[in-house]
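Okay, so here's the structure we're looking at.
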Amino acid sequence: MTFNGWLQLVIYFAVLTALVPVLGAYMARVYQGERLLLERPLGWLERLIYRLLGPSSRTEQDWKSYGKTTIVFSLIFFVVLYVILRTQNIHPWNPEGFNSAPWDVTFNTASSFVTNTNWQFYGGETTMTYFSQMAGLAVQNFVSAAVGMAVLAAVIRGFASRGVRELGNFWRDVTRGLLYILLPLSFVGALILVSQGVIQNLSGYVTTHGVGGLDQTLAMGPVASQIAIKQLGTNGGGFFNVNSSFPFENPTQFSNFVEMLFILLIPAAATLQFGRMVGNRRQGWALYATMVVFSITLFGVAYGAEQHGTPAQHVAGENTAVADGSTGGNLEGKEQRNGITDSALWTNVTTDASNGSVNAAHDSYSGIGGLVPLTNMMTGEVIFGGVGSGLYGMLLTVLLAVFIAGLMVGRTPEYLGKKVEAREVKLVLIGLLFTPMVALIATGIAISSKYGSPSIFNPGPQGFSETLYAYVSQANNNGSAFAGFTGFVQPNAPGNAGAYGITFADILGGLSMLTARFVPLLSALAVAGSLSVKRVVPAGPGTFRTDNATFVLLLIAVIVIVAALTFFPAVLLGPVVQGLTDQLGFPT
Amino acid sequence: MRRDLIASIVAALTFTVLFGLAYPLITTGVSQVLFPNRSDGSQVKVDGRVVGSKLIGQSFTIRHAIPEDQRGKFGKKQIKEPDPKYFQPRPSVTTYSGDVTFFNNLGPNNKALMQQFKGYIKTYLSLNGPYDSGLSREDIPVDAITSSASGVDPQISQANARIQAHRIAAVRHIPLDRVNQLIDDNTDGRALGVLGEPGVNVLELNIALDKEQA
């Protein structure tokens with residue numbers, strides 16, 4: 001570990017913390033329907049969309065109606081995406097002549113992008129037409145993010161409400177989030193990325209004749225427009241198979257920093273959006289502080305483990321110490337320009353947020369280094385988490401924390417002046433426990449069934465970790481992977497001839513993503529609906545405060561305990577065994 | 001329900017046109033105007049011919065014909081070896097493929113990975129050892145003996161370049177100081193002086209070497 005490494009960490013969080021209140025306040029204005037500067041250039045588009053949508057966009061919705069619209073909307077987008085991906089042979093902008101992936105892989109991909117997961121069994125540059133990338137996948141990057149943010153806005157309104165049943169209008173929330181938050185940030189972001197060398201064109205692949213006399217074919221495509229939104233919307237699906245390690249997605253040290261900022265920007269700002277909308281910014285800062293403490297701690301673990309290097313390196317005789325002009329450490333599956341620091345930091349933030357894009361190969365991380373992304377996901381993606389979904393997950397966790405605190409002191413728990421009672425606690429538990437349940441059951445089925453084994457690549461505990469990681473990642477809508485795990489076999493023949501899906505992994509993964517996205521989402525809406533009609537009890541001297549350091553500590557403890565109780569046995573079987581064999585030598 | 005269905009279908013069409021066509025196409029247009037070379041992949045030309053991309057690493061090899069009686073069971077006619085007169089990039093599991101990217105994903109305790117590392121070490125020592133007396137396993141920077149995630153890492157570490165400089169100087173008959181100067185000229189430093197890690201761009205450095213002797 002180096003001084004520069006820690007300095008980069010400080011700079012990263014300093015810049016993020018400076019941006020959070022600014023963007024948070026702006027996001028609150030967007031969802032509270034206040035006037036925005038951007039309405040001048042884009043207001044006509046907003047009004048046009050409402051006109052097209054008809055009367056639906058004018059009625060206020062209670063939680064049931066809001067939830068129903070969310071489900072129907074997502075279902076339609078799922079069907080549209082599936083159809084787009086299955087009709088590639090008639091697409092425009094298909095210079096490489098790709099055919100469609102089989103039905104099972106497409107089911108997995110469609111589930112993945114509609115749920116903001118962006119788990120990928122396919123390699124982008126060998127499977128997807130430019131039309132699929134733009135009109136199919138990038139559209140989902142926008143829309144699934146906007147859905148998460150809309151639901152969060154509705155949930156916050158429930159928490160802040162003074163006895164009103166309605167939580168807002170889904171169509172307005174989605175449209176305003178798309179037009180005034182995601183679109184402008186993505187457009188500016190895309191241009192920043194192009195200035196660094198991320199490509200943006202519709203050309204066919206270019207064959208060059210190299211200095212050393214060898215030919216090389218360079219993949220092309222409309223990359224920057226998709227990478228900007230994939231980072232901002234916590235989507236994470238790569239244009240290329242090796243995701244953000246590929247220089248055309250992430251070419252420079254600066255682009256890497258900008259993309260890391262994009263990853264946490266909106267989920268982090270959501271804390272202050274919440275603070276603003278409930279009229280108490282300290283509540284937002286308390287949640288932000290909790291997230292930052294977690295994030296920095298786990299970065300430290302990953303950084304230390306990766307700087308130490310792996311058994312494979314040490315047994316082979318590699319010197320992994322830092323030296324003048326060399327990063328040292330485990331550089332297997334990492335890029336020189338990112339080194340150890342920025343690979344570890346990216347890995348940490350991409351799994352804090354349910355982003356899941358990678359700039360290094362997680363499967364080749366050391367045992368303990370690989371445990372960090374897994375741990376981040378196992379907290380239920382509430383440390384920043386996905387856009388929208390992260391904070392509504394965190395709010396459920398907060399309710400659990402005040403409930404536990406209430407039990408300890410023997411008072412009826414309350415949050416923001418609203419009593420938390422049996423109905424809310426039941427819904428909170430459904431919301432919080434459903435995802436880990438899906439992850440563990442799916443892992444169990446996959447590990448104990450012969451149909452699960454064709455997906456596994458590495459032998460021994462790493463193979464178990466791959467499976468566990470796959471279902472934890474898909475259930476938590478993260479999308480990063482121990483990428484040896486596969487559900488789509490591509491022999492890289494022209495037009496994808498001979499490619500086939502591993503149906504079991506595709507379907508089990510797809511169902512994990514869909515159920516674990518929508519059950520917690522509906523639970524959060526239900527909790528908000530239930531809280532919205534409650535009277536606000538004014539704070540008194542006996543009120544348990546939720547905006548100070550004590551509460552932050554309590555919240556951290558609750559997150560750790562819930563995750564540990566749920567996942568400890570599974571973690572022992574995979575990464576911990578792997579990490580311990582650092583001392584045991586070298587099993588085959 | 002029906003109202004939601006109809007509105008969703010309308011939204012699917014509208015949002016696909018807006019975010020799936022207008023947004024990427026407008027971004028493409030603006031990028032092509034503002035950053036024409038970069039949006040097309042930072043292609044590098046030598047004597048008017050495109051030799052690759054500044055951002056995508058490539059192999060620098062020489063080909064030896066294999067005598068007919070020594071060809072193995074696959075009948076391979078030639079063998080590719082690192083070209084000693086060029087700086088060598090990092091090991092790649094895709095042999096620097098720019099259009100089919102993947103990684104081998106070997107786990108940290110996987111024996112195959114350990115053997116792969118041993119192979120990298122052996123190759124590096126046999127290529128550079130003869131020109132740098134006293135070069136030992138311990139001196140090799142990690143980037144030279146681990147494979148990159150993208151398979152096309154365009155850079156190597158400064159330490160790696162300085163070791164290879166001995167070979168380049170000897171093979172090309174250029175003073176070592178001059179080679180080191182060219183390394184510095186083709187190093188991309190940390191962004192704003194602190195972000196990321198410095199790296200030496202192998203393609204640009206090798207082109208500079210060729211120009212030096214042209």
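The values are calculated or read from the model by the stated rules, or taken from the named source; none is laboratory data. Since we're looking at a predicted model, the values are computed, not measured. Every residue, glycine as well, gets a Cβ built from its backbone with ideal geometry; the counts of neighbours run over all protein chains shown.
Quick check on segment A:196-214. Is at least one of its residues modelled with pLDDT of 95 or more and over 30 Å from B:ARG49 (Cα atoms)?
So far as segment A:196-214 goes, no, none of its residues is modelled with pLDDT of 95 or more and over 30 Å from B:ARG49 (Cα atoms).
(1) more than 30 Å from A:LEU399 (Cβ to Cβ); (2) part of a helix (DSSP H, G or I): which one isn't true of A:PRO491, the others all being true?
Result: A:PRO491 fails condition (2) only.
Does segment A:299-307 include one or more residues that are over 23 Å from A:VAL10 (Cα atoms) and out of contact with any Leu (no Cβ under 6 Å at 6 or more places or on another chain)?
Scanning segment A:299-307, I find no residue that is over 23 Å from A:VAL10 (Cα atoms) and out of contact with any Leu (no Cβ under 6 Å at 6 or more places or on another chain), so the answer is no.
Please work out which one of (1) among the hydroxyl-bearing types (Ser, Thr, Tyr); (2) surrounded by 16 or more Cβ atoms within 10 Å (Cβ to Cβ); (3) assigned by TED's automatic domain parsing to the domain that holds B:LEU176 is the condition B:THR95 fails and give its number.
Evaluating B:THR95 over (1) among the hydroxyl-bearing types (Ser, Thr, Tyr); (2) surrounded by 16 or more Cβ atoms within 10 Å (Cβ to Cβ); (3) assigned by TED's automatic domain parsing to the domain that holds B:LEU176 leaves (2) as the failure.
Name the strands (runs of 3 or more DSSP E) wholly inside segment B:39-78 in which the number of residues that are more than 19 Å from B:LYS211 (Cα to Cα) is 2 or more.
Counting at least 2 such residues, we get B:61-65.
Tell me, which helices (runs of 4 or more DSSP H) wholly within segment A:494-588 include 1 or more residues that are more than 28 Å from A:LEU429 (Cα to Cα) and of a type in the set (Ser, Thr, Tyr)?
In segment A:494-588, A:503-532, A:577-584 are the helices (runs of 4 or more DSSP H) which contain 1 or more residues that are more than 28 Å from A:LEU429 (Cα to Cα) and of a type in the set (Ser, Thr, Tyr).
Among the listed residues B:ARG178, B:ARG172, B:ARG190, B:ARG137, identify the single one that is within 11 Å of another protein chain (Cβ to nearest Cβ), basic (Lys, Arg) and either more than 20 Å from the chain's Cα centre (by Cα) or closer than 17 Å to B:THR61 by Cβ (or both).
Checking each option against the conditions leaves just B:ARG137.
Between a residue in segment B:150-166 that is farther than 24 Å from A:GLU125 by Cβ and facing chain A (nearest Cβ under 7 Å) and any residue that is among the small types (Gly, Ala, Ser) and part of a loop (DSSP other than H, G, I, E, B), which pairs come within a Cβ distance under 7 Å, given they are 6 or more apart or on different chains?
Once the first residue is farther than 24 Å from A:GLU125 by Cβ and facing chain A (nearest Cβ under 7 Å) and sits in segment B:150-166, its partners that are among the small types (Gly, Ala, Ser) and part of a loop (DSSP other than H, G, I, E, B) give B:SER157/A:GLY325; B:GLN158/A:GLY325; B:ALA159/A:GLY325; B:ARG162/A:GLY325.
May I ask you to list the residues in segment B:2-25 that are at the interface with another protein chain (Cβ under 7 Å from one of its Cβ atoms), of a type in the set (A, V, I, L, M, F, W, C) and either touching a residue at least 60 places away in the same chain (Cβ under 8 Å) or surrounded by fewer than 21 Cβ atoms within 10 Å (Cβ to Cβ) (or both)?
Selection gives B:LEU5, B:ILE9, B:VAL10, B:ALA12, B:LEU21.
If I filter segment B:100-118 for residues that are more than 7 Å from chain A (Cβ to nearest Cβ) and free of Cβ contacts under 8 Å to residues at least 12 places away in the same chain, do I get at least one hit?
Yes.
Residues in segment A:308-324 that are facing another protein chain (nearest Cβ under 7 Å), buried (at least 17 other Cβ atoms within 10 Å of the Cβ) and assigned to a loop (DSSP other than H, G, I, E, B): how many?
Total satisfying the criteria: 4.
Answer with yes or no whether B:ASP4 is out of contact with any helix residue (DSSP H, G or I) (no Cβ under 7 Å at 6 or more places or on another chain), modelled with pLDDT under 95 and assigned to a helix (DSSP H, G or I).
no
Return the total of residues in segment A:143-191 being more than 17 Å from the chain's Cα centre (by Cα) and among the hydroxyl-bearing types (Ser, Thr, Tyr).
Qualifying residue count, segment A:143-191: 3.
Do we find that A:ALA360 is in contact (Cβ under 8 Å) with a residue 60 or more places away in the chain, in contact with a helix residue (DSSP H, G or I) (Cβ under 9 Å, 6 or more places away or on another chain) and at the interface with chain B (Cβ under 7 Å from one of its Cβ atoms) in this structure?
It is true that A:ALA360 is in contact (Cβ under 8 Å) with a residue 60 or more places away in the chain, in contact with a helix residue (DSSP H, G or I) (Cβ under 9 Å, 6 or more places away or on another chain) and at the interface with chain B (Cβ under 7 Å from one of its Cβ atoms).
Residues in segment B:161-182: is at least one modelled with pLDDT of 95 or more, closer than 28 Å to A:GLU259 by Cα and assigned by TED's automatic domain parsing to the domain that holds B:ASN104?
No; the residues of segment B:161-182 include none that is modelled with pLDDT of 95 or more, closer than 28 Å to A:GLU259 by Cα and assigned by TED's automatic domain parsing to the domain that holds B:ASN104.
Can you find a residue in segment A:175-187 that is touching a strand residue (DSSP E or B) at 6+ places or on another chain (Cβ under 8 Å), modelled with pLDDT of 95 or more and within 10 Å of chain B (Cβ to nearest Cβ)?
Within segment A:175-187, none of the residues are touching a strand residue (DSSP E or B) at 6+ places or on another chain (Cβ under 8 Å), modelled with pLDDT of 95 or more and within 10 Å of chain B (Cβ to nearest Cβ).
When the residues of segment A:68-90 are narrowed to those that are away from chain B (no Cβ under 11 Å) and assigned to a helix (DSSP H, G or I), which ends up farthest from B:LEU18 (Cα to Cα)?
Looking at residues that are away from chain B (no Cβ under 11 Å) and assigned to a helix (DSSP H, G or I), I get A:ASN89.
Taking the condition in contact (Cβ under 8 Å) with a residue 60 or more places away in the chain and hydrophobic (A, V, I, L, M, F, W, C), does B:ILE183 pass?
Here the answer is no, as B:ILE183 does not meet what is asked.
Taking the conditions exactly as written (within 22 Å of the chain's Cα centre (by Cα) and within 14 Å of another protein chain (Cβ to nearest Cβ)), does A:TYR12 satisfy them or not?
Judged against the criteria, A:TYR12 is a match.
Only one of B:PHE35, B:PHE15, B:PHE19, B:PHE117 is under 30 Å from A:LYS334 (Cα atoms), outside the structural domain of B:VAL200 (by TED's automatic domain parsing) and more than 16 Å from the chain's Cα centre (by Cα). Can you tell me which?
None of the others qualify; the one that does is B:PHE35.
Could you list all residues from segment A:464-488 that are touching a Ser or Thr at 6+ places or on another chain (Cβ under 7 Å) and part of a helix (DSSP H, G or I)?
A:THR467, A:LEU468, A:TYR471, A:SER473, A:GLN474, A:ALA475
For segment A:446-463, which positions are outside any loop (DSSP other than H, G, I, E, B) and farther than 13 Å from A:ALA483 by Cα?
Listed by number, the residues that qualify are A:ALA446, A:ILE447, A:SER448, A:SER453, A:PRO454, A:PRO461.
Being of a type in the set (Val, Ile, Thr), under 14 Å from A:ILE556 (Cα atoms), assigned to a helix (DSSP H, G or I) and at pLDDT 95 or above is the requirement here; does A:THR397 meet it?
Yes; evaluated as a whole, the condition is true for this residue.
Condition first: within 24 Å of A:ASN338 (Cβ to Cβ) and not in a helix (DSSP H, G or I). Now tell me which residues in segment B:115-144 satisfy that.
B:ILE140, B:PRO141
Residue-wise test of (1) in contact with an Asp or Glu (Cβ under 7 Å, 6 or more places away or on another chain); (2) among the acidic types (Asp, Glu); (3) more than 7 Å from chain A (Cβ to nearest Cβ); (4) on the phi < 0 side of the Ramachandran plot.
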| position | (1), (2), (3), (4) |
| --- | --- |
| B:THR27 | no, no, no, yes |
| B:SER31 | no, no, no, yes |
| B:SER39 | no, no, no, yes |
| B:GLY48 | no, no, yes, no |
| B:SER53 | no, no, no, yes |
| B:THR61 | yes, no, no, yes |
